[in-house]
Amino acid sequence: MQKSNKLNGKDLINVGIYTAMTLVIFFVFGLLTALPVIYPFLLFIWPFVCGIPMMLYYTKNSEIRDADNYRCHLRSVFLSYRLYMDWLVGDTGGILADIVLKAGQYKSFKVTFLSYACFCLGMMGCPANLWIAGQSYWENIHSSMGDQYAETLQAMMPSWMMYAGFVILFVGGICGALLGHKMLKKHFERAGIV
């Protein structure tokens with residue numbers, strides 16, 4: 001009997017489980033945004049700590065290691081919170097991750113960690129409103145979080161940080177993938193990802 005490359009129930013359950021794990025980790029560390037001086041460091045911390053469940057996800061789906069499924073679950077949660085910028089930027093990162101995975105035929109760890117690093121570029125959607133949404137967004141931050149918080153955040157996240165943020169996310173993704181791979185080495189060997 002030949003294996004099918006189509007999604008089945010087990011694949012979807014795996015996607016749901018690892019999406020939930022990633023979201024919990026993402027949101028727990030996201031609570032650190034209450035401290036505006038931590039915000040720039042989150043661009044490294046988020047992909048670093050989320051690398052473990054993503055690498056585990058890559059090992060669980062032996063035939064379909066599609067970042068697209070994972071991305072769609074994550075984006076549907078963010079879209080339900082009306083974070084449209086995250087949805088738009090996140091999809092770009094997810095599509096890049098898929099292209100890299102498919103080009104590497106899902107069997108190389110180098111391709112897997114590069115794919116995850118591309119996937120992490122989508123995390124820029126969360127802070128993107130700081131630079132793209134304009135003055136009304138900052139006025140909302142001033143009124144909801146206070147002047148001191150907003151001024152500190154503006155000082156910590158200048159406009160050039162948007163461009164640096166993509167680089168930081170990519171590097172954080174590589175480091176997170178390496179951490180995940182080191183922790184899950186036996187799972188990678190069992191899944192045939194060398």
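The values are calculated or read from the model by the stated rules, or taken from the named source; none is laboratory data. Every value quoted in this text rests on a predicted model; they were computed, and no experiment measured them. Neighbour counts are summed over all protein chains in view; Cβ atoms, including those assigned to glycine, are modelled from backbone coordinates with ideal geometry. The area values use the complete protein model at the heavy-atom level, side chains included, leaving out ligands, DNA and RNA. Shrake-Rupley method; radii C 1.70, N 1.55, O 1.52, S 1.80 Å.
Worth pointing out:
- Elements of type helices (runs of 4 or more DSSP H) contained in the stretch 102-194, each with 3 or more residues being at pLDDT 85 or above: 109-121, 135-145, 147-156, 161-183
- Condition check for residue 85: at pLDDT 75 or above and not in a loop (DSSP other than H, G, I, E, B): no
- Index of the failed condition, residue 150 passing every other in (1) open to solvent by less than 10 Å² (accessible area, probe 1.4 Å); (2) in contact with a Leu (Cβ under 9 Å, 6 or more places away or on another chain): (2)
- Residue pairs whose Cβ atoms lie under 9 Å apart, separated by 6 or more positions or on different chains, with the first residue in the stretch 3-21 and assigned to a helix (DSSP H, G or I) and open to solvent by 70 Å² or more (accessible area, probe 1.4 Å) and the second at pLDDT 75 or above and not basic (Lys, Arg), are 17/53; 17/57; 21/50; 21/52; 21/53; 21/56; 21/57.
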